[in-house]
Every structure is written in structure tokens, then in C-alpha cells.
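Below is one structure, written out as C-alpha cells; comments come after it.
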Amino acid sequence: MREQRRALFDSVAELYDAARQGYPAEIVDAVVANAAVGRGGAVLEIGCGTGQLTRQLAGRALNLTAIDIGPAIVEVARRNVTDPAVRFQVCSFEDFAGRGPFDLIVSATAFHWIDPGVGLAKAARLLRPGGWLALLVTGERYPEPLGSRLRELWMRYSRQRSGWSGQPAWLTELRDSGLFGTPVEVSHTRALRLPAETVIDVEQTRATFLSYTERDQEGFTADLQALVTPGSHIDLLQETFLAMAPAAT
């Protein structure tokens, strides 16, 4: 299921690019500062998508390689990021043939798509001793009653009795694998005001939605549209979590 769903984003590359928000500048700055990566530093971004994070890393004189499995997604990223120091490659992290060593490997809202038997171990091999792995996750917290009604909508169309909750699946392994030092963990919340139509687009670019049948996609969209007022704006919170740790020496 993981391998099937992670390929679905390529079918909505343009919508993904238009709807998905970037990452807080404070978090991106913290990644670069904690890793102490300077001019010419070798950086690998896993799962670059259409370049939401790549754009924020570009222009820092980094030697940046950005990979993603979707050719359409990567084509949009190339259009968005014109920094000649950034190189894009269409491939999975599992199949990535680069040897490194890298000073920093970063992945934003993508590391959970990697085979857990490969992800951390391969990242540790590709990093120089003391090089850093930085993993980010982000999500939207909607105001009530929209938040609760939207969760109910996801549960109904996904045929689930309870929603997902808890920490990223990779976090415990990052802490306990022995491949990395003690993680630096940072949480960040920022307020956003988005058009209702953009909120609908965000929800339509989630892998769960993309995995639905056409009939369920249409039903979900209609039910979501009924929860918001067309032409209105929605005040929400973007919650971002960063965990980064140095490779063991």
C-alpha cells in the first residue's frame, strides 16, 4: 500500500503545487544552523515534491540534490527552482545510487513513504560522520466545528472507526536505532488564512483521497464543499514538527 500510494501524487502535480503551503522559515533556518552546513555543503533532499522546501534551501550556496519518484512532480519542481546549484533526479530513495557523503539529508513530509527497512540505515551510510539527518512533518489544524466534521468525513470514506493520531512512525526508530545521536526536536505552529477553495484543494492532494474510487472522490468533495462557505477564508494552524540528529561517529 505504501508503494502504491506514494506514486499517486504525480497525477495531481499542478494542484499539489498550487495548494500545498511552504515550511516555516524558522524551521528551515534551524535545520541549516543545527547542521552547521555552509557554502558548498552537500545536501540531499528526499521527496522534494514540487519544491516547497527546495525553494527555501535554494540560494544558500548549497550543493543540493533533490529527488522524488514522480516525473511530473519533479518537472514542476524544476520550473519552481532555477538555482543552478540544485540538481533534480527522478528516483526513489531506495533506488538512489548517489554515494555521498552528504553533510545533511533532509526530508519534509515524505520520509514515511520510504521502506522502513531501508530509510534510516541508508541515510546513515550516506552521511559523513557527524552529518545530520533532518525529518519534518507538517499538517493543518482546522477550527471547530470544521476540524471534527472533516475528521468524521475522512473516517467515513476510509471505512475507519478511529482516526490516526500519535507521533511519526520513524521517530522512535530515530531515537533508538543507535545509528544517530540524540535528536534535536522542535515544534512550530503558525497561523494561516486560506481561501476555502485552497483548503479543499489541500484535502484533494492527500494520498488517502487519491486512493479513493472516482465515486468516493466525488462524494467526499461534495461533502467537504458543504462544510465550507464558497468564497470565504478559513483561519487555521499549520503545525510543523522537526526531528534532526547527527550520524553516529
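A short reminder: the numbers here are calculations on the coordinates, not readings from a lab. On a predicted model such as this, the values are computed, not experimentally measured, just so you know.
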Once you sort the root eigenvalues of the Cα gyration tensor of the range 56-98 as a ≥ b ≥ c, which label holds: rounded (a/c under 1.5), prolate (a/b larger than b/c) or oblate (the other case)?
oblate
Unit-weight point scatterers at every alpha-carbon of the chain, Debye formula, q = 0.09, 0.15, 0.17 1/Å: log10 I(q)/I(0) is -0.40, -1.11, -1.38
P(r) of the range 94-190 over all Cα-Cα pairs, binned every 10 Å from zero, in whole percent:
12, 38, 27, 17, 6
Taking the radius of gyration and the Kirkwood hydrodynamic radius from Cα positions alone, what is the Rg/Rh ratio for the range 37-119, to two decimal places?
0.93
What whole-number value in cubic angstrom gives the convex hull volume per residue for the C-alpha atoms of the range 15-69?
71 Å³
Expressed in whole Å with the largest first, what are the equivalent ellipsoid semi-axes of the range 1-144 derived from the C-alpha gyration tensor as the square root of 5 times each eigenvalue?
22, 18, 16
Taking all pairs of distinct Cα atoms, average 1/r, flip it, and tell me the Kirkwood hydrodynamic radius of the range 132-249 in Å to one decimal place.
16.4 Å
Percent of Cα pairs exceeding the 13 Å cut-off, where the set is the range 71-120
70 percent
Percent antiparallel among DSSP beta bridges with both residues in the chain, to the nearest 5?
55 percent
